[in-house]
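Here is the structure we will look at, set down as structure tokens.
Here, each number is a calculation from the coordinates, and none is a lab measurement. Remember, it's a predicted structure, so these values are computed and weren't measured experimentally. Here Cβ is always computed from backbone atoms with ideal geometry, including for glycine, and neighbour counts include all displayed protein chains.
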Amino acid sequence: MKEALLKLEKLNVAYGESLILRDVDLEVAAGEAVCLLGRNGVGKTTLLKSIMGILKPKSGKVLFGKDDFTQSRPEVRAQSGIGYVPQGREIFPQLSVRDNLILGLAARAQAFDAVPEEVYELFPALKDLLHRKGGDLSGGQQQQLAIARILLTRPKLLLLDEPTEGIQPSIIDEIEDAIHKIKATGVAILLVEQYLQFAWRLADNYYVMEKGTIISKGSTESIGEEAVQQHLTV
Ligand SMILES: Nc1ncnc2c1ncn2[C@@H]1O[C@H](COP(=O)(O)OP(=O)(O)O)[C@@H](O)[C@H]1O
Ligand SMILES: [Mg+2]
């Protein structure tokens with residue numbers, strides 16, 4: 001077993017009085033891809049927000065490398081190497097693609113005055129869109145922009161919340177290709193995804209969540225994706 005980069009220990013998270021995550025244990029090793037699966041409403045987004053520090057747990061621990069992040073602010077986590085691409089993306093709609101890419105993300109150590117070439121290597125489509133407003137892009141193009149922006153903060157761990165949701169198939173292929181390239185550079189990935197085949201082609205390990213609890217986990221090699229399908233269909 002490789003040493004964990006991210007380790008969640010008995011995490012319990014609530015919205016007000018309603019407990020959403022219950023005793024969640026989860027690990028992601030450096031450079032590894034893990035997918036988190038589960039039906040709508042089970043707590044997947046809540047888990048990613050808890051890893052990012054947007055939500056604070058009632059109990060349990062969020063460990064990252066040698067640090068205990070349980071009480072750390074989101075900016076600290078971002079600066080330490082956790083990059084979060086939220087569900088629904090959240091780029092700046094009024095800014096151009098170029099400005100979305102080069103303007104300060106708080107977590108970024110280095111300022112840019114031009115868009116780094118690596119962005120186009122991963123997402124060639126963005127090159128022709130530089131002067132378009134973020135809000136005028138298609139959903140798939142916004143997803144590419146959101147991932148590209150976060151990568152410029154040099155994360156060690158990338159949290160992706162349903163990157164294929166509502167996106168047309170041809171662009172899903174481009175996004176998949178880019179995510180595989182990102183993994184090949186050694187970035188660890190925690191992927192929340194409903195599109196099982198997509199998740200299986202990327203992930204080394206999987207977790208299945210039901211009602212805020214992990215009910216199944218293992219290596220994606222040891223089991224076909226159809227075996228977890230039963231936990232996902234309604
Ligand atoms: N801001 C919030 N306040 C109260 N309850 C919430 C909030 N966000 C999500 N929930 C509830 O928490 C549960 C888990 O939601 P979520 O983490 O978004 O699920 P998933 O991402 O797996 O679809 C759901 O029952 C949802 O209604
Ligand atoms: Mg969600």
Stokes-Einstein at 10 °C, 1.306 mPa s, Kirkwood radius from Cα pairs: D for region 87-234 in µm² s⁻¹? 97
Summing +1 for each Lys or Arg and -1 for each Asp or Glu, what net charge is found among the other residues whose Cβ lies under 13 Å from the Cβ of residue 223? -3
Mind pulling up the Rg/Rh value for region 7-128? Radius of gyration and Kirkwood radius, both on Cα. 1.01
Which residues' amide hydrogens lie under 5 Å from the amide hydrogen of residue 33, considering only partners 5 or more residues apart or on another chain, with H built in the peptide plane? 189, 204, 205
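Stretched out fully, how many nm does the piece from residue 127 to residue 30 gain, at 0.36 nm a residue minus the Cα gap?
Extending this stretch completely gives an extra 31.9 nm.
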Taking Cα centroids, how far is region 184-216 from region 91-137 in Å? 27
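For region 27-92, what is the convex hull (Cα atoms) projected area averaged across all directions, in square nanometres?
5.5
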